[in-house]
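The values are calculated or read from the model by the stated rules, or taken from the named source; none is laboratory data. Computed from a predicted model, the values in this text were never measured in an experiment. Positions of Cβ are generated from backbone atoms using ideal geometry, with glycine treated the same way; all protein chains shown enter the neighbour counts.
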There are 2 protein chains.
Amino acid sequence: MTVYQATASAPVNIACIKYWGKRDTKLILPTNSSLSVTLDQDHLRSTTTSRADPSFQQDRLWLNGTEDEIKEGGRLATCIREMKALRKQLEDKDSSLPKISDYHVHISSRNNFPTAAGLASSASGFAALVASLAALYQLPTSRSDLSRIARQGSGSACRSLFGGFVAWQKGERADGSDSLAVEVAPREHWPDIHALICVVNDEKKGTSSTSGMQRTVETSPLLQHRIKHVVPERMAAISKAILARDFDTFARITMQDSNQFHAVALDTEPPIFYMNDVSRAIIALIVEYNRVAVEKGGKLKAAYTYDAGPNAVIYAPKENIKEIVELIVKYFPQAENFKDPFGLFGAAGVQGKVVEGFNEAVAKPFSVGAVKGLIHTRVGDGPRTLGPEEALLGPEGLPK
Amino acid sequence: MTVYQATASAPVNIACIKYWGKRDTKLILPTNSSLSVTLDQDHLRSTTTSRADPSFQQDRLWLNGTEDEIKEGGRLATCIREMKALRKQLEDKDSSLPKISDYHVHISSRNNFPTAAGLASSASGFAALVASLAALYQLPTSRSDLSRIARQGSGSACRSLFGGFVAWQKGERADGSDSLAVEVAPREHWPDIHALICVVNDEKKGTSSTSGMQRTVETSPLLQHRIKHVVPERMAAISKAILARDFDTFARITMQDSNQFHAVALDTEPPIFYMNDVSRAIIALIVEYNRVAVEKGGKLKAAYTYDAGPNAVIYAPKENIKEIVELIVKYFPQAENFKDPFGLFGAAGVQGKVVEGFNEAVAKPFSVGAVKGLIHTRVGDGPRTLGPEEALLGPEGLPK
């Protein structure tokens, strides 16, 4: 008996131009275009195995080993239905193909990073789901076309269908057919872009991005100006900076847009805060780190960006990451040793310190645990199809 | 020998529609109109005595007993020069008047609240300076005309020339002659408006408002939208709400505008943060307090507002202040007993508690000292001319 099964992994992406606000909440059509860097799956990824089998009684899905309900009309159901429809089109055209689009599917998905890290797993998760179903169904569909389906699972998931530097074009059409991801540049174009994720302790769960962004759409007078006048310019300028490998411009726009996203969240009624005093202190450190560099006649050396939570993601050319880790550790002592995937530090490990000329008074030192962990990664590739040895479903079609 | 001396006091004001940005930094002409509530001088005030005497060798000024330099071309010098010029006009018209405009002046000023409280004293200070000189020079000048001079000392000082509810009209002219304060309504129109100031501990001195606001003007794309499209509407709507004693609308606009001011500060490069985690927690408490009231079929019961610092000012009708003090004390235990100028609490003092239906999880309790103190006050009157027994200068013309 043939087993119809495929496994794929997909990366996390962190936006430089932020997605905040939907013009259609059902189809997940955004009010503005956005742009992200795809992070390396060697460090952060979702892996998903999908199997179609005539013996399955219904579509089922397990996330990190726990079954999740696939709600009728919900986002998971939409993605699965759309992928089956694409398979059905193929089968209708080519009668030699097995008619597996009629079978129910079992899907098992795992993230290799803890949910507690506060990293959005919905982007990598829905991208891996779509990628594994595309492999299962052997679809010839382009990644941009697949991104349209992933988008309906979680908006920013569409950007995880590509590696490198990715734009989500908001599109104009009411049916969402032109709201999809495109590659601005592959990772190989600018592999020097590294990222340091600072996982910030959060005492209180903030507003969910799904409900938060619609409150902003409904109540923020400033959001409309951002959408119409600010984002289009920034999308063009940062795309150009990426193509020119101009880190100075890339960093400036990334920080501006992170600030503006949090500004419109604050302009919401009632106001939404995602950054806390730790997040603010990390901004102060990066601002001062850049100030020193510019004062010495250089350019910006790092860019912070914050999603809908207190974690900082710091983008920088690889050569600056060592200094940045030392800087963060100086103010945020770590309980655990720094995992050093790129071998920046010897056996002695990280010693907290600041660069010459740095004004240490820009932030106060915090106690252990304020920043719970540091993850060093870099720009990465798009979804990967994996071999059967990586499968997350056992012979019975249940999670291993 | 005649002693030419006068003493005046002036109030603090806290804006509901925020002033942030100058179109002329020398004349202190704002990019938008603003509106404030004048607080009661019985609780918070600056008092200033001015004396003119032929024996004085130069203009001198003492603030809280310490001499302050009057810099050539500086803000203090400008205000003193303009006031002398008004006196000179009178003397030129009426030769029977003593020619005291030629004399140097000694000025002594005191605030009855500690500078450490983090309350802006420049508004009440410059208003008291101008009011005391107006009394010294026996000027028939209107308060709006005096407000033009106080404005050149510190922008928001112009609003402290009136009691009650005060608008600072931004004006259009390049010379600033139409940029002045006007009374929207006197305190007697709506004496029920009380205020609770929560003095928040600040570990780090933030960006000064003078430099911060110009950075916003230069770098925030959102500020332009605020200036052109948002503030004019809000000025009209809140003025109408004040005239109608409509607290619900007054509160909503006050909170919206506080949020938006901090949003444009965050949209600045590098970003400016004035609120900290304590400020955010107080917002969460007031939002929840209002939510409970609205859910019970009522209207908004309180409005928070934050200036360029972490302190909260909570406006509310008098009847709600008791509940609000109890709420704040529940989350922010106080080292000292609540000063209870309106006798809301008996000898037992304040017991921290929340209203029925309040979701206590919206904020975590803080430790003693996070909110350093609470000041209960209310809408107040404009500058007062005081008797000689209140004078701050001794017989020699030096601070007592």
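The table below lists the values:
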| read-out | value |
| --- | --- |
| Any hit, segment A:93-109, residues being at pLDDT below 95, more than 21 Å from A:Lys339 (Cβ to Cβ) and part of a helix (DSSP H, G or I) | no |
| Boolean, A:Leu27 is of a type outside the set (Gly, Ala, Ser) and part of a loop (DSSP other than H, G, I, E, B) | yes |
| Residue count, segment B:266-285 (criterion: more than 8 Å from every other protein chain (Cβ to nearest Cβ) and either modelled with pLDDT under 95 or under 21 Å from A:Thr305 (Cα atoms) (or both)) | 3 |
| Out of A:Ser209, A:Ser177, A:Ser160, sole residue that is in contact with a Gly (Cβ under 8 Å, 6 or more places away or on another chain), surrounded by 18 or more Cβ atoms within 10 Å (Cβ to Cβ) and polar (S, T, N, Q) | A:Ser160 |
| A:Gly352 being surrounded by fewer than 16 Cβ atoms within 10 Å (Cβ to Cβ) and in contact (Cβ under 8 Å) with a residue 60 or more places away in the chain | no |
| Residues that are under 23 Å from the mean Cα position of the chain (by Cα) and more than 22 Å from B:Pro383 (Cα to Cα), drawn from segment B:39-66 | B:Thr66 |
| Every pair of residues 6+ apart whose Cβ atoms lie under 7 Å, when the first sits in segment A:157-176 and is within 13 Å of A:Ala131 (Cα to Cα) and in the same structural domain as A:Arg143 (by TED's automatic domain parsing) while the second is at pLDDT below 95 and among the polar types (S, T, N, Q) | A:Ala157/A:Ser122 |
| Residue match in segment A:240-252 (condition: more than 26 Å from A:Ser208 (Cα to Cα), in contact with a Lys or Arg (Cβ under 6 Å, 6 or more places away or on another chain) and not assigned by TED's automatic domain parsing to the domain that holds A:Pro30) | yes |
| Residue in segment A:52-71 that is free of Cβ contacts under 8 Å to residues at least 40 places away in the same chain, buried (at least 17 other Cβ atoms within 10 Å of the Cβ) and of a type outside the set (Lys, Arg) present | yes |
| Which numbered condition B:Lys204 misses (of (1) surrounded by 17 or more Cβ atoms within 10 Å (Cβ to Cβ); (2) among the charged types (D, E, K, R); (3) at pLDDT below 95) | (1) |
| Subset of segment A:254-265 (residues that are of a type in the set (S, T, N, Q) and facing chain B (nearest Cβ under 7 Å)) | A:Gln256, A:Asn259, A:Gln260 |
| B:Thr48, sole failed condition from (1) more than 27 Å from B:Ile272 (Cβ to Cβ); (2) in contact (Cβ under 8 Å) with a residue 24 or more places away in the chain; (3) in a loop (DSSP other than H, G, I, E, B) | (3) |
| Extreme residue, surrounded by the fewest Cβ atoms within 10 Å (Cβ to Cβ), among residues of segment B:217-248 that are hydroxyl-bearing (Ser, Thr, Tyr) and either touching a Cys at 6+ places or on another chain (Cβ under 8 Å) or at the interface with chain A (Cβ under 9 Å from one of its Cβ atoms) (or both) | B:Thr219 |
| Filter pass, A:Ala120 being surrounded by fewer than 21 Cβ atoms within 10 Å (Cβ to Cβ), touching a residue at least 60 places away in the same chain (Cβ under 8 Å), out of contact with any His (no Cβ under 9 Å at 6 or more places or on another chain) and farther than 17 Å from A:Leu76 by Cβ | no |
| One residue from A:Glu326, A:Glu319, A:Glu288 being at the interface with another protein chain (Cβ under 10 Å from one of its Cβ atoms), surrounded by fewer than 22 Cβ atoms within 10 Å (Cβ to Cβ) and over 29 Å from B:Val287 (Cβ atoms) | A:Glu288 |
| Where A:Val294 falls short, out of the listed (1) facing another protein chain (nearest Cβ under 8 Å); (2) free of Cβ contacts under 8 Å to residues at least 12 places away in the same chain | (1) |
| Members of segment A:262-302 that are touching a Phe, Trp or Tyr at 6+ places or on another chain (Cβ under 9 Å), assigned to a loop (DSSP other than H, G, I, E, B) and among the aliphatic types (A, V, I, L, M) | A:Met275, A:Leu300, A:Ala302 |
| Condition check for B:Ala131: more than 19 Å from B:Leu27 (Cα to Cα) and surrounded by 24 or more Cβ atoms within 10 Å (Cβ to Cβ) | yes |
| Flag for B:Gly74 being free of Cβ contacts under 8 Å to residues at least 24 places away in the same chain and within 23 Å of the chain's Cα centre (by Cα) | yes |
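One line per residue, one yes/no per condition, for (1) of a type in the set (Gly, Ala, Ser); (2) touching a helix residue (DSSP H, G or I) at 6+ places or on another chain (Cβ under 8 Å); (3) assigned by TED's automatic domain parsing to the domain that holds B:Gln260:
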residue	(1), (2), (3)
B:Thr31	no, yes, no
B:Ser34	yes, yes, no
B:Asp53	no, no, no
B:Asn64	no, yes, no
B:Lys93	no, no, no
B:Ser96	yes, no, no
B:Ser101	yes, yes, no
B:Val105	no, yes, no
